[in-house]
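Asks: Please read through the structure below; I'll follow up with questions.
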Amino acid sequence: MTDPQIGRRALLRGAGGLAALAALPSLAACGTGTSRASAGGGKGGGKTVIIRDSGGSYGAALQKAIYTPFTQETGIAVKVLNLDDAPLLAQIKQGRPQCDVINNSMMSHLKYVQQDALETLDKDRLKSLKTAKIPGGQITDHAIGHSFYGQCIAYRTDAFGRRKPESWADFWDTKAFQGGRSMVSPDGDLPELEFALLADGVPMDKLYPLDVDRAFEVLTRLRSDIKKFWDSGPLPGVLLSRQEVTMSTVWDGRLADLQKQGVPVERQLNGMRRQFVGYAIAKDAANVDGAYRLMDFALRPESQAALAKAFPSNPSSPLAYAKLSAGERNALAGAPKYYDKGFDADVDWWLKNETAVTKRWLEWARG
């Protein structure tokens, strides 16, 4: 299955396709290890709760920071299901979801809501909403945002003398900041229209609704300097390491390993685009009680902090950052000192416009 640091687009698109649908008869191969009959407990609960997440290094961090401590505290086992959206949606429509909790992007959760595939949450059963001070914008009727990833500027620190890029306008300025650029393709993440508008002087709080025509006009100014469009998390770092580009857009947690290896790269968080990931409960889940208990545990500030220590995850709870050391806290794009430098992606706007924008982007990229 897909590591979220490599294929976040899978979270956003909700795309499993025919290949994923074909996987329905062999769900055990996706990592449930448990039939719903044995997970059991019905609506009242049980000794096993099944959660869908995307596995990889992120899944290993979740196991260490969330699932194992939850089991130790409650006695409830956690089984992990690595399954794409298409087959999971098909199961829910059949009234036989193979998981209780779904860990997915907030944008994907909205797509599930459109298909009546999520339970309406009883927020009184989630005490951590108040104790963790989860931002109101990340609390919906069907999902709760627990963390975010940021998309920002990465640059070589040895490329521009003593100067460093401070904004998206600098990213577009190939005279003052010479060298090739790299930006994301729709196979990696949402097209980066917001960055083009910020480069053209649009204030962060005036971005939405996006002026698509203006954004593509600005993108066109940079098109000849874009050497490659990246579609996986490691690629921006590879391009920077090889000096194929001097600047790239990047997921914020992707530079730490390169820096440890001595690669002269740094991030610029001004104008960072945040996209949240959250928990929801599958419609007709077999273990609703267990689902609420796992969600409540995972949303605690100390749980979010533990996950941030195990993986470059930016907690939604502002209280989680106080439970980290100064070094751990300031390594995260969600640290209080950085938060106001970025903006939240408007998932409602993107839901309505993603298909049309992606089609136009593909035509634009082909020239």
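Asks: For the chain, what's the relative contact order in percent, using C-alpha pairs closer than 8 Å and at least 6 residues apart?
Replies: It rounds to 26 percent for the chain.
Asks: Restricting to Cα pairs below 8 Å that are 6+ residues apart, what does the relative contact order work out to for the stretch 187-259? Please round to a whole percent.
Replies: With pairs under 8 Å counted, the relative contact order is 28 percent.
Asks: While we're on this one: Over the Cα atoms of the stretch 321-367, how large are the radius of gyration and the largest Cα-Cα distance (Dmax), in Å?
Replies: Values for the stretch 321-367 (Cα only, Rg and Dmax): 17.5, 49 Å.
Asks: Another question, then. Say each of Thr68 and Lys206 gets a label point 7 Å from the Cα, pointing the same way as Cα to Cβ; how far apart are those two points in nm?
Replies: Rounded to a tenth, the inter-label distance reads 5.1 nm.
Asks: Looking at the chain, send over the antiparallel percent of its DSSP beta bridges, to the nearest 5.
Replies: Just about 65 percent of them are antiparallel.
Asks: Can you list the residues of the stretch 209-237 with backbone N under 19 Å from a point 7 Å past the Cα of Asp187, pointing along Cα to Cβ?
Replies: Flagged as within label range: 226-237.
Asks: At a 1.4 Å probe, what is the % contribution of carbon and sulfur to the accessible area of the chain? The partial results should precede the final answer.
Replies: Working: 7470 of 15160 Å².
Here it works out to 49 percent.
Asks: Per residue, what accessible area does the stretch 117-209 have, given a 1.4 Å probe and all protein chains present, in Å²?
Replies: 42
Asks: Can you tell me the orientation of helix 301-310 relative to the chain, as the angle in degrees between its alpha-carbon axis and the longest Cα principal axis, to the nearest 10?
Replies: So the inclination is approximately 60 degrees.
Asks: Here is a further query. Sorting check: for 356-364, 232-240, which peptide has the highest mean count of neighbouring beta carbons within 10 Å, and how do the rest follow?
Replies: Result, highest mean Cβ count within 10 Å first: 232-240, 356-364.
Asks: Taking 0.36 nm per residue of separation and subtracting the Cα-Cα distance, what length does fully extending Ile139 through Thr157 add?
Replies: Taking 0.36 nm per residue and subtracting the Cα distance, the gain is 2.6 nm.
Asks: If you average the sequence gap of Cα pairs under 8 Å that are 6 or more apart and divide by the length of the stretch 47-132, what percent do you get for the contact order?
Replies: In percent, rounded to a whole number, it is 35.
Asks: Here's a follow-up. Using a 1.4 Å probe, how large is the accessible area of Lys309, given in Å² and rounded to the nearest 10?
Replies: 120
Asks: Please arrange Arg300, Arg156, Arg96, Arg242 by accessible surface area, largest first, computed with a 1.4 Å probe and ligands excluded. Before the final figure, lay out each step's value.
Replies: Numbers: Arg300 65, Arg156 15, Arg96 140, Arg242 160 Å².
Most to least solvent-accessible, the answer reads Arg242, Arg96, Arg300, Arg156.
Asks: Let me ask you something else. Note the listed values [x] 1.12; [y] 1.00; [z] 2.08, then indicate which one is Cα Rg over 2.2 N^0.38 Å calculated from this particular structure.
Replies: [y]
Asks: Go ahead and run the numbers for FRET between Ala322 and Lys359, Cβ-Cβ distance against an R0 of 45 Å, rounding to 0.05.
Replies: Once the sixth-power term is evaluated, E becomes 0.50.
Asks: Can you tell me which of 114-124, 313-323 comes out highest on packing, and rank the rest after it, using the mean Cβ neighbours within 10 Å?
Replies: Ranking, from highest mean packing down: 313-323, 114-124.
Asks: What is the extension gain from Asp340 to Arg125, computed as 0.36 nm multiplied by their sequence separation minus the C-alpha to C-alpha distance, in nm to one decimal?
Replies: 74.3 nm
Asks: Taking the Cα atoms only, what angle lies between the long axis of helix 212-222 and the longest principal axis of the chain, rounded to 10 degrees?
Replies: Once rounded, the angle reads 50 degrees.
Asks: Between the helical axis of 288-298 and the dominant principal axis of the chain, each derived from Cα atoms, what acute angle in degrees is found, rounded to the nearest 10?
Replies: So the helix axis and the longest Cα principal axis differ by about 40 degrees.
Asks: Next question. In Å², what does the accessible area per residue of the stretch 269-367 work out to with a 1.4 Å probe?
Replies: Values: 3890 Å² over 99 residues.
Roughly 39 Å² per residue, with all protein chains present.
Asks: How much net charge surrounds Lys227 when only other residues with a Cβ under 15 Å from its Cβ are counted (Lys, Arg +1; Asp, Glu -1)?
Replies: Its environment carries a net charge of +2.
The values are calculated or read from the model by the stated rules, or taken from the named source; none is laboratory data. Note that the coordinates shown come from a computational prediction; the quantities given were computed from them, not determined experimentally. Methodologically, a virtual Cβ is constructed for each residue, glycine included, from the backbone with ideal geometry; neighbour enumeration extends over all protein chains shown. Side chains are part of the model used for accessible areas, which takes the heavy atoms of the whole protein and leaves out ligands, DNA and RNA. Shrake-Rupley method; radii C 1.70, N 1.55, O 1.52, S 1.80 Å.
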